[in-house]
Amino acid sequence: MSSKFNQIYKRNTEIKMGTDVPEGIVRVAAGLAYSGTELHGFQKQASTEHTVQEHLERALSYVADENITLVCAGRTDAGVHATGQVVHFDTLAQRPLRAWVQGVNTQLPDDIRVLWAENVSLDFHARFRALSRTYRYVIHSAGVRSPVLKKQVTWTNDCLDINTMRDGAQSLVGEHDFSAFRASQCQAKSPVRTIERIRFQVVGELIIMEVRANAFLHHMVRNLVGSLLEVGSGRKPTTWIKELLEGRDRTRAAATAAPHGLYLVAVEYPQGFKLPVQPLGPPFIQS
């Protein structure tokens, strides 16, 4: 791969897209699903192996026969799952779309799969063109922990009141400063985010909290869940969530909920890109 391509690719992936592009370059968007149980998060790091990015870039580079670097819609932590992650990458390789799916999947570990691939215009960007992200957090409320679901859901033996959780969550909808639900190591420049909706559903002994926002802070969903569990159990009143939000003090909120109940289930883009729409997951509660 030429040094000119390397320089232009680096500039384009940062956000300067569609300018001074070498002839023959193709931008590909792809949808991913993965089980985060054994993975060390999405982002490739020098200090750890077995990340989604590391495995996927290696597989893409094999199929493309050139070094591939990708950009994702949202970096998930170790233990967090995805059924609707979206990435993009640039390549000079000419491949049928099925090669970016079936061919890449043959090079991936069993806990990562490419669901679809589409050629997109060079103004597409997996992170910066996303309109919203949707996460689902799955809670198993039962007297005994399920050995089958132990790394797919978060278990509690509390008898949760979903109506009080729903009432407490309504104060979070809209544009707010979410400092009270932001990890101390969060690197975002602003704590302000806009939650478009929070809704709950019950499937047997499972409680699913679905939250859609323009973007999320580090550990934001898990921190919200941790505090809403306190409300649902009756240990805190519904008004406590609003008090935390207005207080903007992370130390007053509850502990961060476990990662393995969290799923990135959808990323929304402008309709003009015509990307496939997948059913929301995880598959065992798909609806």
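Side notes on the structure shown:
- Of all residues making up the stretch 150-180, the number that are more than 14 Å from Gly234 (Cβ to Cβ), assigned to a helix (DSSP H, G or I) and not basic (Lys, Arg): 6
- Counting the residues of the stretch 246-287 that are more than 18 Å from Gly31 (Cβ to Cβ), out of contact with any helix residue (DSSP H, G or I) (no Cβ under 8 Å at 6 or more places or on another chain), of a type outside the set (Gly, Ala, Ser) and in contact (Cβ under 8 Å) with a residue 60 or more places away in the chain gives 3.
- Only one entry of Val80, Val101, Val138 meets the criterion of being in contact with a helix residue (DSSP H, G or I) (Cβ under 7 Å, 6 or more places away or on another chain), surrounded by 15 or more Cβ atoms within 10 Å (Cβ to Cβ) and not assigned by TED's automatic domain parsing to the domain that holds His219, and that entry is Val80.
- If you go through the stretch 33-85 and pick out every residue that is within 17 Å of the chain's Cα centre (by Cα), in a loop (DSSP other than H, G, I, E, B) and of a type in the set (Gly, Ala, Ser), you end up with 7.
- Of residues in the stretch 187-237 being of a type in the set (A, V, I, L, M, F, W, C), in a strand (DSSP E or B) and touching a residue at least 40 places away in the same chain (Cβ under 8 Å), the one surrounded by the most Cβ atoms within 10 Å (Cβ to Cβ): Met209
- Within the stretch 271-287, restricting attention to residues that are within 30 Å of Ser121 (Cβ to Cβ), of a type in the set (A, V, I, L, M) and at pLDDT below 95, the residue that is surrounded by the fewest Cβ atoms within 10 Å (Cβ to Cβ) is Val277.
- In the set Ser184, Ser179, Ser171, only one residue is surrounded by fewer than 12 Cβ atoms within 10 Å (Cβ to Cβ) and in contact (Cβ under 8 Å) with a residue 60 or more places away in the chain; that residue is Ser184.
- Each residue in the stretch 146-168 was checked for being surrounded by 14 or more Cβ atoms within 10 Å (Cβ to Cβ) and out of contact with any Ser or Thr (no Cβ under 6 Å at 6 or more places or on another chain), and 9 pass.
- Scanning the stretch 241-270 for residues that are surrounded by fewer than 19 Cβ atoms within 10 Å (Cβ to Cβ), closer than 12 Å to Ser227 by Cα and out of contact with any Lys or Arg (no Cβ under 9 Å at 6 or more places or on another chain) gives Lys242, Thr251, Arg252, Ala255.
The values are calculated or read from the model by the stated rules, or taken from the named source; none is laboratory data. From a predicted model like this one, the values you see are computed outputs, not experimental measurements. FYI the Cβ positions are ideal-geometry reconstructions off the backbone, even for glycines, and counts take in every protein chain you see.
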